[in-house]
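Novice: Sharing a structure here in structure tokens format.
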Amino acid sequence: MEITETALGAARVIAMKGRLDTATAQDAEARIVAAIGAGQPVVADLAGVHYVSSAGLRVLLKAAKEAKAAGLGFALAAPQVSVKEVLEVSGFDKILPIHATVEAAVKAAG
């Protein structure tokens, strides 16, 4: 998995490309948690993620909990259809804010 970080407004955008699964979850979690630890709202840009496993879902849930505990915003942006379906079937769309674009997610995250 390729992970890049950029600043957009007050938020840190963590863009991931590839599979968010057991093999890549630890790296993704470390990058997202570090951004939250730096005191910035975080947007996980999922446009380049074509597969997410239960390990990947755990990363997203943990990030949301850490952001909430820190009083920061966290949002998901631009998931591909297959990833959005996994988020919906798992019920994550009810507990994590999902936006069609990075810009909308940044605005929502704060």
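Novice: For the range 1-31, name all the residues that are closer than 21 Å to Ser90 by Cα and in a helix (DSSP H, G or I).
Specialist: Correct list: Thr22, Ala23, Thr24, Ala25, Gln26, Ala28, Glu29.
Novice: Kindly provide the set of residues from the range 44-85 that are assigned to a loop (DSSP other than H, G, I, E, B), without any contact (Cβ under 8 Å) to a residue 60 or more places away in the chain and either small (Gly, Ala, Ser) or out of contact with any His (no Cβ under 7 Å at 6 or more places or on another chain) (or both), ordered by number.
Specialist: Pass one, the range 44-85, residues assigned to a loop (DSSP other than H, G, I, E, B): 53, 70-73, 78-80.
With without any contact (Cβ under 8 Å) to a residue 60 or more places away in the chain added as a condition, the list becomes 53, 70-72, 78-80.
Passing the criteria: Ser53, Ala70, Gly71, Leu72, Ala78, Pro79.
Novice: Go through the range 79-95 and give me each residue that's surrounded by fewer than 18 Cβ atoms within 10 Å (Cβ to Cβ) and not hydrophobic (A, V, I, L, M, F, W, C).
Specialist: Gln80, Ser82, Glu85, Glu88, Ser90, Gly91, Asp93, Lys94
Novice: Evaluate the range 45-68: report whether one residue or more is among the aromatic types (Phe, Trp, Tyr) and crowded, with 17+ Cβ neighbours inside 10 Å.
Specialist: Scanning the range 45-68, I find no residue that is among the aromatic types (Phe, Trp, Tyr) and crowded, with 17+ Cβ neighbours inside 10 Å, so the answer is no.
Novice: Continuing with this model, one more query. Do we find a residue being free of Cβ contacts under 8 Å to residues at least 12 places away in the same chain, assigned to a helix (DSSP H, G or I) and not basic (Lys, Arg) anywhere in the range 89-96?
Specialist: Here is the first cut: in the range 89-96, the ones free of Cβ contacts under 8 Å to residues at least 12 places away in the same chain are 89, 91, 93-94.
Subset that is assigned to a helix (DSSP H, G or I): 89, 93-94.
This time we only want the ones that are not basic (Lys, Arg), so: 89, 93.
The answer is yes; a qualifying residue exists.
Matching residues to (1) more than 19 Å from Ile98 (Cβ to Cβ); (2) within 13 Å of the chain's Cα centre (by Cα); (3) at pLDDT below 95:
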{"residue": "Ala10", "(1), (2), (3)": "yes, no, yes"}
{"residue": "Thr24", "(1), (2), (3)": "yes, no, no"}
{"residue": "Ala38", "(1), (2), (3)": "yes, no, yes"}
{"residue": "Leu60", "(1), (2), (3)": "no, yes, no"}
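Novice: Something else: Could you grab me the full set of residues in the range 21-63 that are in contact with a helix residue (DSSP H, G or I) (Cβ under 8 Å, 6 or more places away or on another chain) and of a type in the set (Asp, Glu)?
Specialist: Matches in the range 21-63: Asp21, Glu29, Asp45.
Novice: Limited to the range 91-110, what total is found for residues that are polar (S, T, N, Q) and at pLDDT below 95? Before the answer, list the steps.
Specialist: Applying the first criterion (polar (S, T, N, Q)) to the range 91-110 yields 101.
Now drop any that are not at pLDDT below 95, which leaves none.
Adding up the residues that qualify gives 0.
Novice: Follow-up question, since we're still on this one. State whether the residues of the range 7-19 include one that is of a type in the set (Val, Ile, Thr) and either surrounded by fewer than 18 Cβ atoms within 10 Å (Cβ to Cβ) or touching a His at 6+ places or on another chain (Cβ under 6 Å) (or both).
Specialist: Taking the range 7-19 as the starting set, the residues that turn out to be of a type in the set (Val, Ile, Thr) are 13-14.
Filter again for either surrounded by fewer than 18 Cβ atoms within 10 Å (Cβ to Cβ) or touching a His at 6+ places or on another chain (Cβ under 6 Å) (or both), leaving none.
No: zero hits.
The values are calculated or read from the model by the stated rules, or taken from the named source; none is laboratory data. Values in this document were obtained by computation on a predicted structure and should not be read as measured data. Counting neighbours? That spans all protein chains shown, and the Cβs are built from the backbone with ideal geometry, glycine included.
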